[in-house]
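Report on the following structure.
Rule-based calculations on the coordinates, nothing more; no lab input. Bear in mind the structure is a predicted one, so any value in this text is a computation, not a measurement. Here the Cβ positions follow ideal geometry from the backbone for every residue, glycine too, while neighbour counts run over all protein chains shown.
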Amino acid sequence: MKSLKLPLKDRAVLKNFKAGELVFVDGVIYTARDRVHDLISKGRGKWPFELKNNAIFYCGPTPKPKGRNFGSCGPTTSSRMDSYTPALYKKGLAATIGKGPRSPEVIESIKKYGGVYLVAYGGCGALYAETVREAEPAGFKDLGPQAVYKITVSGFPAVVGIDSRGGNVFKR
Amino acid sequence: MQENIRAAKLNNIKDVIAGEVIKSVTVLPGELVEEIRKSSRKAEGIEKKVLEGMLKNCEIAEKENIPLCQDTGIFEIWFELGRESILKDINVNDLFTEAVRQGHKKGGLRDSMTGPPSPVIHIESSNKKNTRVTITPRGFGSENYTKLHMIDPNATFEKISEIIVEDVKSANGRPCPPYMVGIGIGGTASQAVELSARALTEIDFKFTDREKDLLNEINKLSHGAGGMGGSITALAVKIKERPSHIAGKALGVHIGCWSNRVRRFFLEVS
């Protein structure tokens, strides 16, 4: 079982991950989806965390139920974030986590800056909720489910969708 | 699919429906879970891991009473008024809208709309004795890939199949496969799309020859469960048909995700 520990301490480890293999994410990841990407691209706010060596999880959770760490939190469709993404890998973003294929521009930026794209299991919000150990709002708190949450996960399953060499699991 | 009776009194009917709204996002129809289980036994590699993850997801959601998917969707509801219902004097739109909002609050559903939760409600009268209700939360990971085609009235079913397979191909694994594909043919544009959504509420895994052929063609795309390659791109194809206009044929295509959440019951109000 391969683990990807986030935030990255050593970028060189990303070379060990190959498209099509199952990995388990352990550590801190940040949720962000359509609205946050759009607002920041228009200069209406800044990323509330260091992009370098961190990961963005495309996710808008359900509200936190009583007695649980976090709400249901599966991946949303990544391609809606494609146009914003190359600039983020350029700034040193280690990984994005979502579902579905990415644009050629995103693949190129992952190759160029040495990142990775992970595919989480679509529709599995309850499964992923079980992997969350801690969660706290980290920014854009007025956006409800579209706010940025800092979540600490353990044993979060995902498949390497695009690797740092440009290997792509969606190449048909 | 099991169609149980839900008994309600006029003074608690909203609570009963709100309870069903919550169940609709936490429990999948048993027949569907069984089909996923069968598929996971056949599958290999990553596809198998994904299907096992989906089964685990269903277990957790039901046991913990939390939503299967964070996208608890826009609720689409079919209300078929029975002959003997005492609901004839009730504003069904208001009743279901309020029940959905109550379910949202109580069940911890996500605010996925740009305004207050606003269900889409189809109200019909039926010849059945009892009133039948079908509740489906439509998540937009899959709803976004819905298509309407206005095609030639002489189009063969082969041509129609080609169009549908192309729609599934171009979705390219995004709407959470293995899919449940709903097809509506005939009527007006809006009816064809509505029929294709309604086709997704028929969960029996019994197929006509045409549905079977189309399912085989879709599975030849090899997008696989999870969309990263495999043999199980779709679990079902259901077609609903109405007569078409002589000058054109309306074709609605719903590419439903694997988590095809449907809750159907007879509502007995006394």
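Once you have a ≥ b ≥ c as the square roots of the Cα gyration tensor eigenvalues for the range A:8-97, tell me rounded if a/c is under 1.5, and otherwise prolate or oblate according to whether a/b is larger than b/c.
Oblate shape, in that a/c is at least 1.5 and b/c is the bigger or equal ratio.
The distance from the alpha carbon centre of the range B:65-109 to that of the range B:137-155 is 24 Å, rounded to a whole number.
Would you tell me the mean number of C-beta atoms belonging to other protein chains that fall within 10 Å of each C-beta in A:51-64, as a whole number?
So the per-residue partner count for this stretch is 2.
Taking every DSSP beta bridge that has both ends in the protein assembly as shown, the antiparallel portion is near 55%. Here the residues A:164, B:244, B:24, ranked from fewest to most Cβ neighbours within 10 Å of their Cβ, fall in the order B:244, A:164, B:24. Please report the net charge: other residues with Cβ closer than 9 Å to the Cβ of residue B:24, K and R +1, D and E -1. Neighbour charge sum, excluding residue B:24 itself: +2. Selection among B:30, B:139, B:97 by position relative to the dipole of the protein assembly as shown gives B:139 as farthest towards the positive end (Cβ unit charges, Cα centre).
For a modelled paramagnetic label at residue B:144, 7 Å from Cα along Cα-to-Cβ, the residues of the range A:124-152 in reach, with backbone nitrogen under 20 Å, are A:124-126, A:128, A:143-149. With a 10 Å cut-off around each Cβ of A:71-81, the average count of Cβ atoms from other chains is 5. In terms of its C-alpha gyration tensor, chain B comes out oblate, because a/c is 1.5 or above while a/b does not outweigh b/c. For the range B:180-251, the number of Lys pairs separated by eight or more positions or lying on different chains, with C-alpha atoms closer than 17 Å, is 6. Shown here for the range A:91-128: trypsin sites (Lys or Arg not before Pro) in loop regions (DSSP other than H, G, I, E, B) with at most 13 other Cβ atoms within 10 Å, namely A:91. Taken about its Cα centre, chain B carries a charge dipole of about 380 debye when Lys and Arg each add +1 at the Cβ and Asp and Glu each add -1 at the Cβ. In this simple spin-label approximation, residue A:141 and residue A:38 carry label points 7 Å from Cα along the Cα→Cβ vector, and these lie 2.3 nm apart. Counting only other chain Cβ atoms within 10 Å of each residue's Cβ, the peptide B:52-65 averages 5. Among the lysines of the range A:31-121, pairs that are 8 or more positions apart or on different chains and have alpha carbons within less than 23 Å of each other number 19.
Centre-to-centre, using Cα atoms only, the range B:173-188 and the range A:36-91 are separated by 29 Å. Using a simple spin-label model with pseudo-atoms 7 Å out from Cα toward Cβ, residue B:268 and residue B:189 lie 4.4 nm apart. Give the longest segment of chain B that steers clear of trypsin sites (Lys or Arg not before Pro) in DSSP loops with at most 15 neighbouring Cβ atoms within 10 Å, not counting the sites themselves. Answer - B:130-205.
Applying the criteria of a DSSP loop state and at most 16 other Cβ atoms within 10 Å to the GluC sites (Glu not before Pro) of the range B:113-194 yields no site.
Along the axis of the charge dipole computed for the protein assembly as shown (Cβ charges of +1 for Lys and Arg, -1 for Asp and Glu, origin at the Cα centre), the listed residues B:207, B:219, A:138 are led at the positive end by A:138. Within the same chain, lysines fewer than 8 places from residue B:56 are excluded, and of the rest, those with a Cα less than 16 Å from its Cα are B:38, B:48.
Net charge of the neighbourhood of residue A:121, taken over other residues with C-beta under 15 Å away and scored Lys/Arg +1, Asp/Glu -1, is -1. Placing +1 on each Lys and Arg Cβ and -1 on each Asp and Glu Cβ, with no other charges, gives the range B:179-257 a dipole about its Cα centre of roughly 80 debye. What shape does the range B:140-256 take by its C-alpha gyration tensor, where a ≥ b ≥ c are the square roots of the eigenvalues and a/c under 1.5 counts as rounded, a/b above b/c as prolate, and the rest as oblate? Since a/c reaches 1.5 and a/b is larger than b/c, the shape of the range B:140-256 is classed as prolate. Subtracting the Cα-Cα distance of residue B:163 and residue B:122 from their residue separation scaled by 0.36 nm leaves 12.0 nm. Charges were assigned to the Cβ only: +1 to each Lys and Arg, -1 to each Asp and Glu. The resulting dipole of the protein assembly as shown about its Cα centre is roughly 1280 debye. What is the calculated FRET efficiency for residue B:1 to residue B:220, with r their C-beta to C-beta distance and R₀ = 22 Å, to the nearest 0.05? Step by step, r from the Cβ atoms, then E = 0.20. Were the residues from residue B:209 through residue B:242 laid out at 0.36 nm apart, the gain over their Cα-Cα distance would be 10.1 nm.
Between residue A:108 and residue A:133, 0.36 nm times their residue separation minus their Cα-Cα distance comes to what?
Net length gain for the segment: 5.6 nm.
Helical content alone sets the calculated 222 nm signal of the protein assembly as shown at -9000 deg cm²/dmol, taking -39,500 (n - 2.57) per DSSP H segment of four or more residues and averaging over every residue.
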